[in-house]
Amino acid sequence: MKLAVWSGPRNISTAMMYAFGNRADFAAVDEPFYAAYLALTGLQHPMRDQIMAAQSQDAADVIAALTGPVPEGRTHVYHKHMAQHMLPEIPRDWFNGMRHVFLIRHPARVVPSFAAKYDQTTLADIGFVQQAELYDQLVAEGHAPVVVDSVDIRADPEGMLRALCDEVGLEWDPAMLNWPAGAKPYDGVWADVWYGAVHGSTGFAGPEGDLPVLSGELAEMAEAALPSYEKLAAVRLRT
């Protein structure tokens, strides 16, 4: 199985990658379109030069790798994707070979977390609109994408991961609940900037508290993202 998991930034996307990557039957691929996205947009993200050097900037090469053999001779592979990386210029005719999952998180949590790392944040940077658009495309093409919310996973990691495995047709593996602390061999080169907290973890963080109260531009951005989030949250997987 090739599991294409569509997230946005500052979700629990890296922890989810670690959960699946800790299974003996799974390989993991971290944000394979990042360099292509930076090349097409010209965005000056942290570590831009290193990212451009570490990955192919040609989307066709990335797609060929994603649709080719599963790495390391494993049975399955987890593809961690950022929805905002899937620009209109990037072909989507490879979607049929994947089982698609959407990982969502309330924008009131995402926006301040991302803006703290990248002070030029716009709505296009945080992936909510792109997630909703990708979801609609996949449904229209006959796919049955699964939606999971990070708040539900943090509240009940085993229950939600069991439900997700069942939904996509995987056997449950308790190895998904814990992983070794530190960097992983499949981390993207950008891990030093973005993965500090998860590198210190050995499992999912506990339940999230109340939503933060935002003001000004951050509040406006979260409000603009909310309809896209709510669209997917309405169909999210529950235990």
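Given a cut-off of under 8 Å on Cα pairs at least six residues apart, what relative contact order in percent is computed for the chain? Rounded, it is 29 percent for the chain. 3J(HN,Hα) couplings calculated from phi for the stretch 53-65 with the Karplus curve 6.51 cos²θ - 1.76 cosθ + 1.60 (θ = phi - 60°) are, in sequence order, 7, 8, 10, 5, 8, 9, 4, 5, 5, 4, 4, 4, 5 Hz; Gly and Pro show x. Distance between the pseudo-spin-label points of Ala205 and Gln44 (7 Å out from Cα toward the beta carbon): 2.9 nm. A viscosity of 1.567 mPa s and a temperature of 4 °C, combined with the Kirkwood radius over C-alpha pairs in the Stokes-Einstein formula, give the stretch 158-224 a diffusion coefficient of 85 µm²/s.
Build a GNM of the chain with springs between Cα atoms under 10 Å apart, and of Ala140, Ala115, Ala27 the one that fluctuates most is Ala140.
Label point 7 Å out from Asn178 along Cα-to-Cβ: which residues of the stretch 1-29 have amide N under 15 Å? Hits in the stretch 1-29 for Asn178 at 15 Å: 19, 22-23.
Per-residue Cβ neighbour counts within 10 Å put Ile90, Ile63, Ile153, Ile104 in the sequence Ile90, Ile63, Ile153, Ile104, beginning with the fewest.
The calculated FRET efficiency for Asp93 paired with Met52, based on their beta-carbon distance and R0 = 22 Å, is about 0.30. Site pair Val193 and Asp61 shows an inter-label distance of 2.0 nm when each label is modelled 7 Å from Cα along Cα→Cβ.
No lab work stands behind these numbers, since they all come straight from the coordinates. What you see is a predicted model, and the numbers here were worked out from it, not measured in a lab. Methodologically, a virtual Cβ is constructed for each residue, glycine included, from the backbone with ideal geometry; neighbour enumeration extends over all protein chains shown.
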